[in-house]
């Protein structure tokens, strides 16, 4: 009795990325100064109104202003930076339970603006990573940009050297989520990709091709194009 041949399905390599949470100890100098001024004013107001034998002028004003400044200092000192993801499919920032992503192939420029590392896409999308809150994530982003799409990097070497050296233990390694493939156009033929299984993705810059038109070499970075 002849054995039925079964076609072995080629398994796809799972794309991964590192997830970085902001540095919880980051506090701006402005926040510290405002909070300190608020504490002093609040303390002086409390003493003037409730402790001093003779009520001092403007005590209530000091209490109100001090409390307002103290609350403002706490607000400024809170770390509003969002988690950052960097990996096989580009750089992403988590915003309001959504992932805003820029693929490596879609990057137009990476530069530093006012203590932030800014990645700008060809479509105008911009992702900003605060250097003080995310020094490790910034170091990883610059490393990956230099390796995958070096032409878009516009960052001085002194800034790169000032950041922590990337380490394999940095961040949390997780599978890539919410990677949109359907609806994109093949970078080689312009053909629209309707189904995920029709896509072939460059492992280096995440450029997308239709499986029937995938070139041997990526048109964006020159790497070998493997099955997505």
Test residue 178 against the stated conditions and say whether it is touching a residue at least 40 places away in the same chain (Cβ under 8 Å), under 17 Å from residue 92 (Cα atoms) and assigned to a loop (DSSP other than H, G, I, E, B).
yes
Inspect the stretch 37-53 for any residue being modelled with pLDDT of 70 or more, surrounded by 14 or more Cβ atoms within 10 Å (Cβ to Cβ), outside any helix (DSSP H, G or I) and not assigned by TED's automatic domain parsing to the domain that holds residue 127 and give the result as yes or no.
no
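Can you tell me which residue within the stretch 181-195, out of those that are closer than 24 Å to residue 97 by Cβ and without any contact (Cβ under 8 Å) to a residue 24 or more places away in the chain, is surrounded by the most Cβ atoms within 10 Å (Cβ to Cβ)?
Going through the stretch 181-195, the residues closer than 24 Å to residue 97 by Cβ turn out to be 181-184.
After this cut, where a residue has to be without any contact (Cβ under 8 Å) to a residue 24 or more places away in the chain as well, the list is 182-183.
On the way: 182: 11, 183: 8.
Among them, the one singled out is 182.
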Within the stretch 204-226, how many residues are under 17 Å from residue 102 (Cα atoms) and assigned to a loop (DSSP other than H, G, I, E, B)?
6
Every listed condition ((1) crowded, with 19+ Cβ neighbours inside 10 Å; (2) at pLDDT below 95) holds for residue 95 save (1)
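Here is a check on your reading of the model: is residue 152 buried (at least 18 other Cβ atoms within 10 Å of the Cβ), under 20 Å from residue 108 (Cα atoms), touching a residue at least 12 places away in the same chain (Cβ under 8 Å) and assigned by TED's automatic domain parsing to the domain that holds residue 102? Please lay out each step first, then the result.
Values: buried (at least 18 other Cβ atoms within 10 Å of the Cβ): yes; under 20 Å from residue 108 (Cα atoms): yes; touching a residue at least 12 places away in the same chain (Cβ under 8 Å): yes; assigned by TED's automatic domain parsing to the domain that holds residue 102: yes.
So residue 152 fits the description; yes.
The values are calculated or read from the model by the stated rules, or taken from the named source; none is laboratory data. All of these numbers come straight from a predicted model, not from anything done at the bench. Backbone-built Cβ (ideal geometry, glycine too); neighbour counts: all protein chains shown.
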